[in-house]
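*Asks:* My structure is below; once you've seen it, I'll send some questions.
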Amino acid sequence: MRPMIAGAARGSPQENHREYIQCSGRGHRVSAASTRQLSDVVGLISPSTVTDRIPAPSTPHVRIREEMLGLMQALSEGIRIDRLMADQLSQISDRARLCGEGEMADGLLDVTRRHRVAELEGQGRLAALEARYAILFPDEP
């Protein structure tokens with residue numbers, strides 16, 4: 001299949017043949033006229049227009065850093081909530097036991113344990129995330 005060549009219909013076959021130039025040794029031919037047209041078009045675009053559209057190289061790193069900080073903050077808040085819930089449920093369980101509601105107290109202690117476990121798991125996740133953050137962003141606080 002022959003490639004379409006811009007400006008091939010102009011002039012005699014001999015003139016067209018003289019206008020063709022070999023492109024990168026692959027056997028593709030591009031007319032000199034179309035090459036001039038491309039250079040004219042490229043010349044219309046200022047370099048600043050092209051570079052304005054290219055994001056800064058640190059943009060993905062800033063986004064990742066912000067997401068990691070947000071996740072660490074959410075984990076810290078979750079740990080705090082699990083700790084408060086466990087403390088409150090433990091106190092309620094003690095009161096229930098004093099009132100003779102042993103079965104309710106046992107159920108509340110079970111929920112208390114789940115919150116304590118969630119607190120410890122959250123602390124582990126937070127420590128792992130902080131370690132990864134320190135590796136990725138050693139100069140950041």
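The values are calculated or read from the model by the stated rules, or taken from the named source; none is laboratory data. As the structure is a prediction and not an experimental result, all values here were calculated from the model. FYI the Cβ positions are ideal-geometry reconstructions off the backbone, even for glycines, and counts take in every protein chain you see.
*Asks:* Give me the pairs, please: first residue somewhere in the stretch 72-89 and within 22 Å of Tyr133 (Cβ to Cβ), second residue anywhere and at pLDDT 95 or above and among the hydrophobic types (A, V, I, L, M, F, W, C), beta-carbon distance under 6 Å, and either six or more positions apart or on two chains.
*Replies:* Met72/Leu129; Leu75/Leu126; Asp82/Ala118
*Asks:* Looking at the structure I just gave you, is Leu98 over 15 Å from Val117 (Cβ atoms), at pLDDT 95 or above and surrounded by 12 or more Cβ atoms within 10 Å (Cβ to Cβ)?
*Replies:* Answer is no for this residue.
Yes/no per residue for (1) at pLDDT 95 or above; (2) under 37 Å from the mean Cα position of the chain (by Cα):
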site	(1), (2)
Arg83	yes, yes
Ser90	yes, no
Glu121	yes, yes
Gly124	yes, yes
Ala134	no, yes
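*Asks:* Do the conditions hold for Gly107, that is, is it crowded, with 17+ Cβ neighbours inside 10 Å, at pLDDT 95 or above and not aliphatic (A, V, I, L, M)?
*Replies:* For Gly107, the condition - crowded, with 17+ Cβ neighbours inside 10 Å, at pLDDT 95 or above and not aliphatic (A, V, I, L, M) - is not met.
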